[in-house]
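Chemist: Have a look at this one before I ask anything.
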Amino acid sequence: MLLAIDTSAGTSVAVVDRDRGVLSEHSVEDTRRHAEVIGDLIERALRDAGISARKLSGVAVGMGPGPFTGLRVGIAAARAFAFGAGKPVVPVVSHDAVAFGRVTPVTVVTDARRREVYWSSYDSPDAAGLPRRDRGPSLAAPDEVPADRERVDARWVSAASVGLLAEALYAAGRPFAPDEPLYLRSPDVTMSTTNASGRRVT
């Protein structure tokens, strides 16, 4: 049983079980209120599922691609919760979660802001029903996304899909995603390299 979190677009939290499916899910599509809502969504998801932290086997988290500020909120929340509960973090590519369960080739697209999008393309699922990503994740202008497959524009990524994909990967003996966020570009805000007097600092 997993707590699942994704903040690569909106904010979504779910509790899933490999045998019983989705036990609860709460999502907010607003892409700028991740930090304000994440704690409440975690509390509501656990309460509605009737699950305490000690009953979880891990915390699945979408690693993006996604904008720096929003994505890091979910990853930090997942890591902090997992540390406090003594559970492992299970990383999943967010676009893979959107493609999970689809039976035909698709291109998954999410908003990257700055008039750009993130995209990943998928062939038909493998014999275990798992997504087969053959291109991406990549960053591009909207009109540069390949148009050779059905396009799926996701306004937010379901945490339930993140969690169910993690369960399916585990059941099939497949590796999880690397434990590194997929930002694909530099953050909007960077640390200054000069001090108040204008001298360069290192």
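Chemist: Quick one: among ARG185, ARG47, ARG115, which has the greatest mean-square fluctuation in a GNM of the chain with alpha-carbon springs under 10 angstrom?
Modeler: ARG115
Chemist: Sticking with this structure for a sec: Which value at 222 nm does the chain reach when only helices count, each DSSP H run of 4 or more adding -39,500 (n - 2.57), with the total divided by all residues and rounded to the nearest 500 deg cm²/dmol?
Modeler: -8500 deg cm²/dmol
Chemist: What spacing in nm lies between the two simple spin-label points modelled at GLU116 and ARG32, each 7 Å away from Cα in the Cβ direction?
Modeler: 2.0
Chemist: So, one more: By the gyration tensor of its Cα atoms, with a ≥ b ≥ c the square roots of the eigenvalues, what is the shape of region 30-121: rounded for a/c under 1.5, prolate for a/b over b/c, or oblate?
Modeler: It comes out prolate by the Cα gyration axes.
Chemist: With the Cα gyration tensor of the chain in hand, give its eigenvalues times 5 under a square root as the equivalent ellipsoid semi-axes, listed largest first in whole angstrom.
Modeler: The answer is 27, 24, 14 Å, longest axis first.
Chemist: Next question, about the same structure. Using Cα pairs closer than 8 Å and at least 6 residues apart in sequence, work out the relative contact order for the chain, in percent.
Modeler: Across the chain, relative contact order equals 25 percent.
Chemist: Comparing GLY84, GLY58, GLY21, which has the greatest mean-square fluctuation in the GNM of the chain with Cα pairs linked when under 10 Å apart?
Modeler: The residue that fluctuates most here is GLY84.
Any read-out appearing in this document is the output of simple, stated calculations on the displayed coordinates, not a laboratory observation. Everything quoted here is computed from the prediction, not taken from an experiment. A quick note on method: Cβ atoms are made from the backbone with ideal geometry, for glycine too, and the neighbour counts reach across all protein chains shown.
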